[in-house]
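The values are calculated or read from the model by the stated rules, or taken from the named source; none is laboratory data. Small disclaimer: the values here were computed from a predicted structure and weren't measured. Cβ placement follows ideal geometry from the backbone for every residue including glycine, while neighbour counts extend to all protein chains displayed. Surface accessibility is based on the protein's heavy atoms, side chains included, excluding ligands, DNA and RNA. Shrake-Rupley method; radii C 1.70, N 1.55, O 1.52, S 1.80 Å.
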Amino acid sequence: MKKYNVAVVGATGAVGNEMIRMLEERDFPVASLRLVASSRSIGKKLKYKGQAALVEELTKDSFKGVEIALFSAGGAISKEFAPVAAGAGVFVIDNSSAWRMDKDVPLVVPEVNPHDLKKEKKIIANPNCSTIQLVVVLKPIHAAAKIKRVVVSTYQAVSGAGHKAMVELAEQVKSLAKGGPAEYKVFPYQIAYNVIPQIDVFLDNDYTREEMKMVLETQKIMGDDSIQVTATAVRVPVMRGHSESVNIETEKHLTAVAAKKMLAQAPGVILIDDPANKKYPLALDCAGKIETFVGRIRQDESIKNGLNLWIVSDNLLKGAAWNAVQIAEELVKQKIV
Ligand code: NAP
Ligand code: 3JN
């Protein structure tokens, strides 16, 4: 089997770390692995398959000999360096929002639109974490009953905001337990024992950027601009695992029983739905897993054709690192790389 020279840009970050772990766990055919971050990380060592690997500083020469580069160092870095890598023939799988809405860049969730990957499209965008877990569940419902409208409210873990955000929550909990203050820098308010209805910045329409990402990215991935989406994105004091409450209105009638049966078979989805025994997806249980979990599926009794459901997935895995490595696997499977 052919092996590939791979680079991880942003290797020292919350997502980058998981990318390395995913490449390892999936036994991706890696010939060589280049770990890249900022000048702050020069000389740092990370582990890959039990071996210490030195972190290098990102420069325009970082992509020599590389065939696949996984980027997770933020939008500004992606804007500058993804074209450099792509120009050198590298397939770039980019985790930032920098390229997602570019009409020439495929925005891919392998369970939904693997056919959007093409040999000539060297930059491939990984969607926002909240969008990924949503579309994995929407896809089979759309195929069966045509979705008209989706109303989604998210309950997003702090790890979505990076390594420093996880430290902030842990430090606040520790300090408050000792009667100390809850200091904050990453979030706009104390996150410990709180719920913050703001993720990313506010736009002119009073939605946040995170909310509008979900609207636009969902339509692009599903390949259907007629699907109406409205979102409220909320930060909760959970370390890992985004949860979503989702209301779906369809054109055709779909019973909750039929939806459960269908989702139990859907690729990448695990159904946990047994209310009598208090079984439903929980962030704590889904952390560390690559699948998308769905439960609490029930008829929306306020409209003719509607469903309510609850979706949970590990935001650092399916929401970021696993979806990126899964795209790399898909490039190999489709003989694109
Ligand atoms: P993080 O924990 O703060 O890590 C940031 C990473 O970027 C670190 O490796 C950092 O290296 C590197 N970096 C920063 N400035 C750099 C520079 N000038 N040159 C090279 N590397 C640089 O953040 P994260 O949570 O891993 O997220 C990273 C990015 O991934 C986000 O900004 C976002 O664009 C994307 N992301 C996407 C999703 C999604 O929904 N798909 C979710 C989370 C994040 P140093 O350690 O050397 O500073
Ligand atoms: O906050 C979350 O739960 C998800 C955050 C994602 C994120 C964080 C910083 C920058 C993104 C993203 O992927 O949309 C970005 C970005 O815009 O690249």
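Out of curiosity, is VAL238 within 23 Å of ASN128 (Cα to Cα), β-branched (Val, Ile, Thr), over 19 Å from the mean Cα position of the chain (by Cα) and part of a loop (DSSP other than H, G, I, E, B)? Please lay out each step first, then the result.
Details: within 23 Å of ASN128 (Cα to Cα): yes; β-branched (Val, Ile, Thr): yes; over 19 Å from the mean Cα position of the chain (by Cα): no; part of a loop (DSSP other than H, G, I, E, B): yes.
So VAL238 does not fit the description; no.
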| task | Within region 312-337, work out how many residues are hydrophobic (A, V, I, L, M, F, W, C) and either under 13 Å from the mean Cα position of the chain (by Cα) or closer than 16 Å to ALA14 by Cα (or both). | result | 9
| task | Go through region 202-233 and count every residue that is touching a strand residue (DSSP E or B) at 6+ places or on another chain (Cβ under 7 Å), hydrophobic (A, V, I, L, M, F, W, C) and surrounded by 17 or more Cβ atoms within 10 Å (Cβ to Cβ). | result | 7
| task | Among what's in region 6-54 and is surrounded by fewer than 21 Cβ atoms within 10 Å (Cβ to Cβ) and of a type in the set (A, V, I, L, M, F, W, C), pick the residue that is farthest from ALA321 (Cα to Cα). | result | ILE42
| task | Within region 287-294, identify whether any single residue is within 30 Å of ARG21 (Cβ to Cβ) and within 16 Å of ligand 2 (Cβ to nearest atom), and answer yes or no. | result | yes
| request: Filter region 108-137 down to residues that are more than 11 Å from ligand 1 (Cβ to nearest atom) and in a strand (DSSP E or B), then give me how many there are. | output: 2
| request: State yes or no: is PHE91 of a type in the set (A, V, I, L, M, F, W, C) and near ligand 1 (Cβ under 9 Å from one of its atoms)? | output: no
| field | Answer residue from region 116-125, given it is in contact with a strand residue (DSSP E or B) (Cβ under 6 Å, 6 or more places away or on another chain) and in contact (Cβ under 8 Å) with a residue 40 or more places away in the chain and is most open to solvent (accessible area, probe 1.4 Å) among those | value | ILE123
| request: Could you grab the pairs with beta carbons closer than 9 Å, sequence gap of 6+ or different chains, first residue in region 319-336 and among the aromatic types (Phe, Trp, Tyr), second one within 12 Å of ligand 1 (Cβ to nearest atom) and open to solvent by less than 30 Å² (accessible area, probe 1.4 Å)? | output: TRP322/GLU18; TRP322/MET19; TRP322/ASP314; TRP322/LEU316
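Each row is one residue, and each column tells you yes or no for (1) within 15 Å of ligand 1 (Cβ to nearest atom); (2) small (Gly, Ala, Ser).
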residue: LYS49; (1), (2): no, no
residue: GLU56; (1), (2): yes, no
residue: ASP61; (1), (2): yes, no
residue: ILE68; (1), (2): no, no
residue: SER72; (1), (2): yes, yes
residue: ALA76; (1), (2): yes, yes
| task | With the checklist (1) under 22 Å from LEU23 (Cβ atoms); (2) open to solvent by less than 10 Å² (accessible area, probe 1.4 Å); (3) in contact (Cβ under 8 Å) with a residue 60 or more places away in the chain; (4) not in a loop (DSSP other than H, G, I, E, B) in hand, flag the one item SER78 doesn't pass. | result | (3)
| Residue list for region 273-311, restricted to those being touching a Gly at 6+ places or on another chain (Cβ under 6 Å) and surrounded by 23 or more Cβ atoms within 10 Å (Cβ to Cβ) | PRO281, CYS286, THR292
| field | Pair list, Cβ < 6 Å and 6+ apart or interchain, from region 134-145 residues that are closer than 12 Å to VAL312 by Cα to residues that are among the acidic types (Asp, Glu) and open to solvent by 10 Å² or more (accessible area, probe 1.4 Å) | value | VAL136/GLU111
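Could you tell me whether any residue of region 262-272 is modelled with pLDDT of 95 or more, open to solvent by 40 Å² or more (accessible area, probe 1.4 Å), closer than 30 Å to GLN172 by Cα and out of contact with any Lys or Arg (no Cβ under 6 Å at 6 or more places or on another chain)? Write out each step before concluding.
Going through region 262-272, the residues modelled with pLDDT of 95 or more turn out to be 262-272.
Remaining after also requiring open to solvent by 40 Å² or more (accessible area, probe 1.4 Å): 262, 264-265, 267, 270-272.
Still in the list and also closer than 30 Å to GLN172 by Cα: none.
Checked region 262-272: no residue is modelled with pLDDT of 95 or more, open to solvent by 40 Å² or more (accessible area, probe 1.4 Å), closer than 30 Å to GLN172 by Cα and out of contact with any Lys or Arg (no Cβ under 6 Å at 6 or more places or on another chain).
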| request: State which residue pairs qualify: first residue closer than 20 Å to PHE81 by Cα and inside region 50-66, second residue among the polar types (S, T, N, Q) and in a strand (DSSP E or B) in any location, beta carbons under 9 Å apart, and separation of 6 or more residues or different chains. | output: GLY65/ASN5; GLY65/SER32; VAL66/ASN5; VAL66/SER32
| If only one of GLN156, GLN172 is within 12 Å of ligand 1 (Cβ to nearest atom) and not hydrophobic (A, V, I, L, M, F, W, C), which one is it? | GLN156
